[in-house]
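Contents: one structure, followed by commentary.
The values are calculated or read from the model by the stated rules, or taken from the named source; none is laboratory data. Quantities reported herein were computed from a predicted structural model and do not represent experimental measurements. Cβ atoms come from the backbone with ideal geometry, glycine included; neighbour counts cover every protein chain shown.
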Amino acid sequence: MTPEPPDAAPASVPAPTSRRLLRDVAYEALLSSIVSGEYAPGAKLSDAALAARLGLSRAPVRDALARLAAERLVVSKPQSYTRVAPLVAEEIRGALAVVRAMHTLAVREALPRLKKSHLAEMRAANADFVRAVAAGDIAAAIGADDAFHAVPVSASGNQPLSDTVARYTPLLRRLEHQRFSSEAARASAARHEELIAACEAGDAERAAEISYEIWAELE
C-alpha cells in the first residue's frame, strides 16, 4: 500500500496573506512537497487531511489539487482517489523538449529587445540562484532560476510562447529539484553567466545555443 502523506504540515508552507489567494497558498505548499519528494509518486492525497495540515478549508485545497492535476503532477478518479502522479519518462521528455524549444526561441526573439535593465535582472536572478544553492535552499534556487529565464521569455513579447512555458514547466519541477540538489547546480550558474555574456554581445546564435544546452543538461 502507498503510505499517506506525513501528518506534519510541510515545513515550506507559506503563510497566507491578504494579498495572496488561499488556493495559491495551497498550490505552492503542495507543489513544494511533491517536487521535493515529501509526497512521493503514488502517495494518496486527501483534501480533508491536507486542509487540516495546511490550516485551510477544503475548497482552496481542492482548487490546488485540480490545478496540479491539470499540470499532470496529480492524478485522480472522481469518488475514488487522488494521488501524486508517477514519474513517466516519456511524458517528462516530451515536456522538456517543448520547454527547451520555447526557451531557445524566446532568447532568439528577445535578444534585439534586451536592454541593460534586462541584463541587470538576469544577473541579479543568477546571484540569487548562487546564494540559494550555497545555502541548500532548493525552493529558492528554483525560484531564482525561474526569474532568470523569465526575463527573455517576457522580453520576447510572445504570449503563446509564454503560455506554453507556463503550461509544461511544472512537469519538470522534480527534475529541477534533483539537479539543484547536486553539484550540477554550480554548472547551471556558470551557464547562466555565459548566456548573459552572449546576450550582452548581441550574439543571437550563441545565446540560443547556450539556452538550448542549459535545458538539455536538465535531461
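With the requirement that a residue be over 13 Å from Ile210 (Cα atoms) and surrounded by 19 or more Cβ atoms within 10 Å (Cβ to Cβ), what does segment 90-105 give you?
Hits for segment 90-105 are Ala95, Leu96, Val99, Met102.
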### From Ser182, Ser162, residue being within 17 Å of the chain's Cα centre (by Cα) and not in a helix (DSSP H, G or I)
Ser182
### Task
Please tell me if Leu119 is assigned to a helix (DSSP H, G or I), surrounded by 18 or more Cβ atoms within 10 Å (Cβ to Cβ) and either of a type in the set (Ser, Thr, Tyr) or modelled with pLDDT of 95 or more (or both).
no
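Per-residue answers, yes or no, for (1) at pLDDT 95 or above; (2) of a type in the set (A, V, I, L, M, F, W, C):
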residue	(1), (2)
Glu109	yes, no
Asn126	yes, no
Val153	yes, yes
Asp163	yes, no
Thr169	no, no
Arg173	no, no
Ala198	yes, yes
Ala201	yes, yes
## Note on the structure
Residue count, segment 176-190, condition in contact with a helix residue (DSSP H, G or I) (Cβ under 8 Å, 6 or more places away or on another chain) and surrounded by fewer than 17 Cβ atoms within 10 Å (Cβ to Cβ), comes to 4
### Message
Where the second residue is among the β-branched types (Val, Ile, Thr) and the first is without any contact (Cβ under 8 Å) to a residue 40 or more places away in the chain and lies in segment 180-204, which pairs have Cβ atoms under 8 Å and are six or more apart or on separate chains?
### Response
Arg191/Ile210; Arg191/Ile214; Glu194/Ile210; Ala198/Ile210
### Task
Spot the failing condition for Leu22; the list is (1) out of contact with any Pro (no Cβ under 7 Å at 6 or more places or on another chain); (2) among the aliphatic types (A, V, I, L, M); (3) at pLDDT 90 or above, and only one is missed.
(1)
### Some residue of segment 126-141 being in contact with a helix residue (DSSP H, G or I) (Cβ under 8 Å, 6 or more places away or on another chain), farther than 29 Å from Ala66 by Cβ, not in a helix (DSSP H, G or I) and not charged (D, E, K, R)
no
### Task
Name the single residue, out of those in segment 194-219 being in a helix (DSSP H, G or I) and surrounded by fewer than 14 Cβ atoms within 10 Å (Cβ to Cβ), that is farthest from the chain's Cα centre (by Cα).
Glu205
### Query
For residues in segment 78-106 being charged (D, E, K, R) and over 17 Å from the mean Cα position of the chain (by Cα), which is farthest from Ser162 (Cα to Cα)?
Arg83
